[in-house]
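Report on the following structure.
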Amino acid sequence: MRRGVTRRQVMAGAAAVAASAALGPQLGCAPLARRRRAAVAAEVREVATACEVCPNKCAVLAVVENGRVTKLNPNPASPKSRGMLCARGNAAIQALYDPDRVKGPLIRAGARGEGKWREVSWDEALDFTAQRLQEIREKYGPEGVMFSSTEGFQEEFFKNFALAFGSPNLLRHPTLCLASVNLAYSMTFGTVPSFDLLNARYVIMSGANRFESIITPDTMDLIDGTMNRKAKLVYLDPRFTVTAAKADEWYPIRPGTDLAFILAMLHVIIREQRYDKEFVTTRCLGFEELAAHVESCTPQWAEGETEIPARDITRIAREFADVAPRAVYYAGRRSSWYVNDFQMRRGQAILNAIVGSWDREGGVVPNSRIPLGELLVLPWDDPTAPRVDEIDSRFPLAARGDGAFLQARDNVLSGTPYPVKGWMVYKQDPMNALPDRGKTRRMLEAMDFVAVIDTQMSDTAWFADVVLPESMYLERTDPLHMLPGIWPVVVLRQQVVTPVHDTRPNLEIIQGLAKRLGLGDYFDYTIEEWIAEQAAELPVENPLEYLKKHGVFALEGAPFYGKTLAPGYRFLTRSGKVELVSARLAEAGHDPLPVYHPPTQPPQGAFRMVLGRKATHTHAATTNNPWLIEQTPTNDLWIHPEPAGRLGIASGDLVELASEVGHVRLPARVTPEIRPDCVFMLHGFGKISPWLRRAHGNGACDADVLVTAWDRVSGNAAFHETFVTVRKVVEEASHA
Ligand SMILES: Nc1nc2c(c(=O)[nH]1)N[C@H]1C(S)=C(S)[C@@H](COP(=O)(O)OP(=O)(O)OC[C@H]3O[C@@H](n4cnc5c(=O)[nH]c(N)nc54)[C@H](O)[C@@H]3O)O[C@H]1N2
Ligand SMILES: Nc1nc2c(c(=O)[nH]1)N[C@H]1C(S)=C(S)[C@@H](COP(=O)(O)OP(=O)(O)OC[C@H]3O[C@@H](n4cnc5c(=O)[nH]c(N)nc54)[C@H](O)[C@@H]3O)O[C@H]1N2
Ligand code: SF4
Ligand SMILES: [Mo]
């Protein structure tokens, strides 16, 4: 990867030097003059890798000067990130050199959560962890250990470790995120598709705040489409988000009523015969039932539910159907989080189907994939115990491998159906990511042993017995990853610099544990062997060399659209058709067609709490990053002027927000950019862990007040079923 120094690289390096020098000595940067002199003689190289600050995994070109990362640039070779590296991606450099990082393995020395730690060697940390896991396995069986993790390129090894250990209890982040979306699209089309926002001419979005909640390439395509007036954007959100600001039409919909809007659109499109008759006749199952089902769902009825004027619903339905197939009702990754979420997503999928947007340019397109090779490893036996979340009986249609996290937490706390006493966490911060932090804390306390693999001292790590610090993404090589999509891509995350501290990649942590537990044979390979096997079949000469040089491999000129429109194609549903009506749902005790249930309303004087993202932070992971907190220093409570006036609250006042499970305090932001019946706060603040010095005690944590509720079909967390009261704490607190 060594190359000559180009002018562009020197310029990029110099810019980064200037930027980091401006942040001063507290970040450990050399003074400007000395760094400038160094830059002249520096050995500068550029390493292609992939960002790990959020699920998008954008392609990165890291500039390294004398062994130090000085700048992260976008890699335009990726059709997925399209030459974009967002603020968070740029700021990853600050996480790498953050003095608050965990610098080596730690074993708890005092009481849980007391914050007394013993710095230990990797051998001692791994011996200790393996021994504790073994004790639990002997006493309670392997199912006595629960494993939980969030997506990431090294998650694979963690999942395999759980399976080799013999525990069925793996809980993955989709049940806190997009499980209801995935399930609804799978039940309708047999697959989870992408949305061709690059070529769409009409886009409807329910709360998917794409200008702030970044998803690649959707965000860039939507910016292009709306700013260049190629596409019309209709946006529904109780908040006036950045996406609302850029939309052609924004409706502050009454929360939890999107399905009523969708059913009314179906009503208009079917009544006026604006659907794609050919597609419906040849590909879909249950159109007659659907037509009967939506017959009473008039725009007038929907207006009463959604507060969107009936004439607008009618007009939008007509426009949408007439522009189709270049029209999409965008799924969002996770937009409205209610107990009827799955049926709302089904409604969207069905709407996309009947206007014939399926698998057409500008429409809803099944993902393409690039097959990767697999290293053959010794197979382990399937776990014998049933899952602790009782998913088979409670959520029989949900994805087995992801589980139902909130049900699992309840069951662990009540010891049902058996005791779970150990918990291993990988790249996840359940103390922030699960609603009702008090309950998560009680689950932590109920455990005999908790091990956390993280890159920093997260709030969950703070309550663990052992913290195993993983090397940050710039310090490690990960397995190849294929990102499916309309334009699928294979990305290589290769090591950019040697680890700054005594940290290890997850694979090596897992191998250390596996060896000690007699499971070493299952992990008897190196990351290089793993990758070589994955790359072997890629249709390019010297695939690994190619990837090391370019960072990404993309298919050129593939047939992007229409593969499922070939005559005789069988959709991966039970009937082989697009299922507008689903017998499987009926058999599982759910509505076979999407039935609208009006959402529970907040009691008199209370508000519904809604959540969302901001472009400058990822969940709870970045609120200690100096560059990002410079952009968004803290969180506050959005409240509409009308209720604020009633409660005597002005912007900057300290308010207390209380739900049935907890309360938090934070400054108010009085703004008309939210409905009067809702309040909003940004996720990821109010950190407990004092090791995160900039985040600790800064702002409030949403998980303290969120209540436990889940979508009926998928078990996916339903965060927006939380009602809160708000009161002013002190006059004119100086937080403004
Ligand atoms: N910058 C940034 N980007 C990210 C992430 C991040 O942390 N930071 N995280 C990534 C991940 S994991 C995810 S899941 C996605 C999430 O991305 P999205 O799917 O876009 O979801 P949110 O940003 O959570 O936005 C939810 C929006 O729905 C609105 N809303 C609430 N209730 C309703 C309702 O009943 N109806 C309608 N129509 N709207 C409602 C809320 O006000 C909020 O604006 O973002 C991804 N991208
Ligand atoms: N209260 C509340 N809960 C939520 C949400 C919300 O808005 N509010 N959103 C939900 C959604 S959509 C999602 S996707 C989930 C996300 O939930 P999480 O996955 O828990 O979210 P993060 O905060 O992004 O990351 C968790 C941890 O991963 C660590 N980490 C980052 N990179 C690495 C790495 O390379 N290796 C290792 N080992 N660790 C790493 C971070 O330091 C952080 O502590 O939360 C869900 N839960
Ligand atoms: S969207 Fe930003 S944080 Fe997410 S992978 Fe891309 S650059 Fe990184
Ligand atoms: Mo998510």
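Observations, loosely collected:
- The length gained by stretching the chain between residue 600 and residue 528 to full extension, at 0.36 nm per residue less their Cα-Cα distance, is 20.6 nm.
- Sorted largest first by accessible area at a 1.4 angstrom probe radius, with every protein chain in place, the residues 165, 723 fall in the order 723, 165.
- Formal net charge of residues neighbouring residue 298 (Cβ-Cβ distance under 14 Å; K, R +1; D, E -1): -3
- Within the chain, the whole DSSP H helices whose Cα atoms reach 24 Å or more along their own axis and whose mean Kyte-Doolittle score is at least -0.5 are 7-23.
- The residues of the chain expose on average 37 square angstrom of accessible surface per residue, using a 1.4 Å probe on protein heavy atoms.
- The charge dipole of the chain, taken about its Cα centre with unit charges on the Cβ of Lys, Arg, Asp and Glu (plus for the first two, minus for the last two), comes to roughly 1760 debye.
- Neighbours of residue 682 by Cβ distance under 12 Å: Lys/Arg scored +1, Asp/Glu scored -1, total +1.
- Accessible area of region 273-397 belonging to carbon and sulfur atoms, whole % at 1.4 Å probe: 49 percent
- Restraint check, 57/159; 246/728; 103/139, Cα-Cα greater than 25 Å: 246/728; 103/139
- In order through region 364-374: 3J(HN,Hα) via Karplus (6.51 cos²θ - 1.76 cosθ + 1.60), integer Hz, x for Gly, Pro: 9, 10, x, 5, 8, 9, 10, x, 10, x, 9
- Straight-distance candidates among the lysines for linking to residue 277, with alpha-carbon spacing under 24 Å and chain neighbours fewer than 8 residues away dropped: 563, 577.
- Percent antiparallel among DSSP beta bridges (both partners in the chain, rounded to 5): 50 percent
- Within straight-line cross-link reach of residue 439, lysines at Cα separation under 24 Å, skipping those fewer than 8 residues along the same chain: 116, 421, 427, 687
- Region 251-306 - charge dipole about Cα centre, Lys and Arg +1 at Cβ, Asp and Glu -1, debye rounded to 20: 100 debye
- Among the protein heavy atoms of region 591-736, carbon and sulfur supply 54% of the accessible surface, probe 1.4 Å, non-protein parts ignored.
The values are calculated or read from the model by the stated rules, or taken from the named source; none is laboratory data. All of these numbers come straight from a predicted model, not from anything done at the bench. Cβ: placed from backbone, ideal geometry, glycine included. Neighbour counts: every protein chain shown. These area figures cover heavy atoms from the full protein model, side chains too; ligands, DNA and RNA do not enter into them. Shrake-Rupley method; radii C 1.70, N 1.55, O 1.52, S 1.80 Å.
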